[in-house]
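Peer 1: Pasting in a structure now, in structure tokens, and then I'll have a few things to ask.
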Amino acid sequence: MSNAANLVAVIPAAGVGSRMQADCPKQYLSIEGQPVLWHSVSRLLAHPRVSQAVVAVSANDPYVGDIQWPVDKPVHVVTGGKERADSVLAGIRYAISVCRADWVLVHDAARPCLRAADLEQLIATSMSTNIGGILAVPVRDTMKRSDNGAISATVDRTALWHAQTPQMFPAAELESALASALTAGATITDEASALEWAGKQPLLVEGHADNIKITHPEDLALARFYLQQELV
Ligand SMILES: Nc1ccn([C@@H]2O[C@H](COP(=O)(O)OP(=O)(O)OP(=O)(O)O)[C@@H](O)[C@H]2O)c(=O)n1
Ligand SMILES: C[C@](O)(CO)[C@H](O)COP(=O)(O)O
């Protein structure tokens, strides 16, 4: 990616957070006086190569308009979709058509603990190889398969990784792969799986296990702890 290439952050933030069992969508729960979404967007916009952000929220979202973003870069708000992939596609299309994005950096609103060093490594690796990639961490536990509550197999973990976000790809390439995969009815739970569906081999960039996705109630206290550590 040339230094002139326009890198735009796309943040899917249109989920309801059902597993969190909170009284508002988890991306609007407060940590250190700011919404989770504020922390996630702030970490992306703090990187000098990220020009602006596109946040995909649910239709009639009553929360996002009250957020005071911490930097003077543009933060655009678009309407997301039924599934995460639909929200991501809406954000990418806006990033291409309005922001003139060359590359997009897709990051879950629910991941506020992203380290600056890990973001820099993902961007640098993508720039230097001109291939998109994702932050990920190797699996560290023994992995079991179960279809009925009993163990049916132990899965070899030596080549298994936990995919995280951000996931960074050429904007037009990701838009095309994601749109085609969704039209074909493929199950797409992250951006890399759309590129894989299209026959590509995205890169893995090792990050840190503290880049958690706030999903269940116990995750909020853990995210608050990690943010208080000011991990870089
Ligand atoms: N239709 C959707 C669903 C999810 N997301 C976003 O995608 C990210 C990761 O999804 P997940 O953790 O599954 O969030 P929810 O779908 O809100 O959680 P749940 O499955 O518990 O309802 C979150 O930032 C969420 O806001 C989105 O933008 N649009
Ligand atoms: C994109 C992601 O965070 C990578 O691990 C994950 O796939 C999101 O899954 P969810 O079920 O939408 O939270």
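Peer 1: Quote the charge dipole size of the chain about the Cα centre in Debye, to the nearest 20; the model charges only the Cβ of Lys and Arg (+1) and of Asp and Glu (-1).
Peer 2: Using Cβ point charges on Lys, Arg, Asp and Glu, the chain gives about 120 debye.
Peer 1: If you roll a 1.4 angstrom probe over the protein chains with everything in place, what fraction of the accessible area of the range 75-144 belongs to carbon and sulfur, to the nearest %?
Peer 2: The nonpolar share, carbon plus sulfur, comes to 50 percent.
Peer 1: What is the dipole size for the range 110-232, taken about its Cα centre, with +1 at each Lys and Arg Cβ and -1 at each Asp and Glu Cβ, in debye to the nearest 20?
Peer 2: Approximately 200 debye in magnitude.
Peer 1: Considering only C-alpha atoms, what is the centroid distance from the range 116-172 to the range 10-45, in Å?
Peer 2: The distance from the Cα centre of the range 116-172 to that of the range 10-45 comes to 22 Å.
Peer 1: Report the net charge of residues surrounding residue 88, where surrounding means a beta-carbon distance below 13 angstrom and charges are Lys +1, Arg +1, Asp -1, Glu -1.
Peer 2: -3
Peer 1: What accessible surface, in Å², does a 1.4 Å probe find on residue 226, ignoring ligands, DNA and RNA and rounding to the nearest 10?
Peer 2: 50 Å²
Peer 1: Right, something else. Summing +1 for each Lys or Arg and -1 for each Asp or Glu, what net charge is found among the other residues whose Cβ lies under 15 Å from the Cβ of residue 185?
Peer 2: Residues close to residue 185 contribute a combined charge of -1.
Peer 1: Can you give me the relative contact order of the range 87-232 as a percent, contacts being Cα pairs under 8 Å and 6 or more apart?
Peer 2: It rounds to 33 percent for the range 87-232.
Peer 1: Something else now. In terms of the Cα gyration tensor, with a ≥ b ≥ c the square roots of its eigenvalues, is the range 59-117 rounded because a/c is under 1.5, prolate because a/b exceeds b/c, or oblate?
Peer 2: Verdict is rounded for the range 59-117.
Peer 1: GNM on the chain, C-alpha springs below 10 Å: top fluctuator among 31, 123, 134?
Peer 2: Highest fluctuation of the listed residues: 31.
Peer 1: Which residue, 138, 117, 192, has the largest displacement toward the positive end of the dipole of the range 109-203 when charges sit on each Cβ (Lys, Arg +1; Asp, Glu -1)?
Peer 2: Result: 138.
Peer 1: Report, largest value first, the span of the C-alpha coordinates of the chain along each principal axis, in whole Å.
Peer 2: Rounded to whole Å, the extents work out to 52, 40, 35 Å.
Peer 1: Something else about it: Work out the charge dipole of the chain with +1 on the Cβ of Lys and Arg and -1 on the Cβ of Asp and Glu about the Cα centre, then indicate which of 59, 42, 95 is farthest towards its positive end.
Peer 2: Final value for the positive-end residue is 95.
Peer 1: Let me ask you something else. All other residues with a Cβ under 9 Å from the Cβ of residue 5 taken together, and with Lys, Arg as +1 and Asp, Glu as -1, what is their net charge?
Peer 2: 0
Peer 1: I've got another one for you. Once amide H atoms are placed 1.01 Å from N in the peptide plane, what residues at a sequence separation of 5 or more from residue 105, or on another chain, have their amide H within under 5 Å of its amide H?
Peer 2: The list, which skips near neighbours in sequence, is 8, 9, 10.
Peer 1: When DSSP beta bridges are limited to those with both residues in the chain, what percentage is antiparallel, rounded to the nearest 5?
Peer 2: 45 percent
Peer 1: With 5 Å bins from zero, work out the P(r) of the range 50-155 over every alpha carbon pair and list the percent per bin.
Peer 2: Result returned by the calculation: 2, 9, 15, 18, 18, 12, 9, 8, 6, 3, 0.
The values are calculated or read from the model by the stated rules, or taken from the named source; none is laboratory data. Nothing here was measured: the structure is a model prediction, and the numbers come from that model. Neighbour counts run over all protein chains shown; Cβ positions are idealised from the backbone, glycine included. Surface accessibility is based on the protein's heavy atoms, side chains included, excluding ligands, DNA and RNA. Shrake-Rupley method; radii C 1.70, N 1.55, O 1.52, S 1.80 Å.
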